[in-house]
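Since the structure comes first, as structure tokens, the remarks are kept for the end.
The values are calculated or read from the model by the stated rules, or taken from the named source; none is laboratory data. Please read these numbers as outputs of a predicted model, since none were measured by experiment. Here Cβ is always computed from backbone atoms with ideal geometry, including for glycine, and neighbour counts include all displayed protein chains. These accessible areas exclude ligands, DNA and RNA; they are computed on the full protein's heavy atoms, side chains included. Shrake-Rupley method; radii C 1.70, N 1.55, O 1.52, S 1.80 Å.
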Amino acid sequence: MKPINALLSAMLALLLTGCWTSDAPLMPDDAMDKPPLSGTYSRFEGEVFTGDRYVVSLEGAEYQVDHSEFGDAAKPAYFISFDALAEELYLAQIVNMNGKMEAYRLFRISDGGGEAFDMDFDCAAPETGLPQVESDGTDCKFASYDSLKKAAMARAAEYSEKGSGAKIVSRFERILD
């Protein structure tokens with residue numbers, strides 16, 4: 001593997017090592033929504049194009065995301081399921097192709113899916129005060145979807161009201177439908 005590809009793969013892995021996780025996927029099928037995300041997206045950090053392209057396609061209740069770097073052939077990367085929290089805000093459950101839980105994130109999906117923002121959470125008092133949540137001081141591990149959803153709703157409200165509660169990690173811009 002070329003050094004630049006190894007670096008980008010490591011960056012992607014870091015992006016998916018979120019502060020919120022669980023031993024297994026918790027989102028029930030009846031909570032899964034289907035925001036308008038099918039298409040091909042370019043990923044940006046700030047205003048800088050990372051060279052990453054993602055092809056997003058709906059597979060049942062989940063989205064399959066195929067990833068390519070700097071024009072290499074796309075390869076399956078992961079599945080994402082969404083649960084609507086508030087206008088344009090979704091809790092995202094990210095699972096790798098082997099079914100292993102990777103992370104939970106907040107996504108803001110706007111412009112009919114033309115743009116999406118991937119946001120990471122902190123793990124603090126709102127989450128650690130909920131039942132079935134373990135914390136090591138920086139990461140939260142959830143054991144129930146009820147607690148996960150309550151924490152996500154609190155962070156979504158904080159983000160909607162104050163623009164805080166989550167950090168923007170990446171911006172995705174649709175380039176092809």
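Under the Kirkwood approximation for Rh and a Cα-based Rg, what ratio Rg/Rh is obtained for the range 19-143?
So for the range 19-143, dividing Rg by the Kirkwood Rh gives 0.97.
Taking the Cα centre of the chain as the origin and placing charges on Cβ (Lys, Arg +1; Asp, Glu -1), which of THR128, CYS19, GLN93 is farthest toward the positive end of the dipole?
CYS19
Lysines near LYS150 by alpha-carbon distance under 29 Å, same-chain residues fewer than 8 away left out - which ones?
Straight-distance partners of LYS150: LYS34, LYS100, LYS141, LYS162, LYS167.
Taking a probe of 1.4 angstrom, what is the accessible area of ARG53 in Å², to the nearest 10?
ARG53 exposes around 80 Å² with every protein chain in place.
For the range 41-93, what are Rg and Dmax over the alpha carbons, in angstrom?
12.7, 36
Using the crude model of +1 on Lys and Arg Cβ and -1 on Asp and Glu Cβ, and no other charge, please compute the dipole size for the range 60-177 relative to its Cα centre, in debye to 20.
Magnitude of the dipole: close to 200 debye.
Angle, helix 145-162 long axis vs. longest principal axis of the chain, Cα atoms, 0 to 90°, nearest 10?
The angle comes out near 80 degrees.
Any idea what Rg and Dmax come out to for the range 101-177 if you just take the C-alpha atoms, in Å?
Over the range 101-177's Cα set, Rg and Dmax evaluate to 13.7, 43 Å.
So, for the chain, what is the accessible surface per residue at a probe of 1.4 Å, expressed in square angstrom?
Per residue, the chain has 48 Å² of solvent-accessible surface.
Semi-axes, largest first, in whole Å: what does sqrt of 5 times each Cα gyration tensor eigenvalue give for the range 89-144?
Over the Cα atoms of the range 89-144, the ellipsoid semi-axes are 24, 15, 9 Å.
Could you work out how far helix 3-15 tilts from the main Cα principal axis of the chain, as a 0 to 90 degree angle to the nearest 10?
Orientation of helix 3-15: about 20 degrees from the principal axis.
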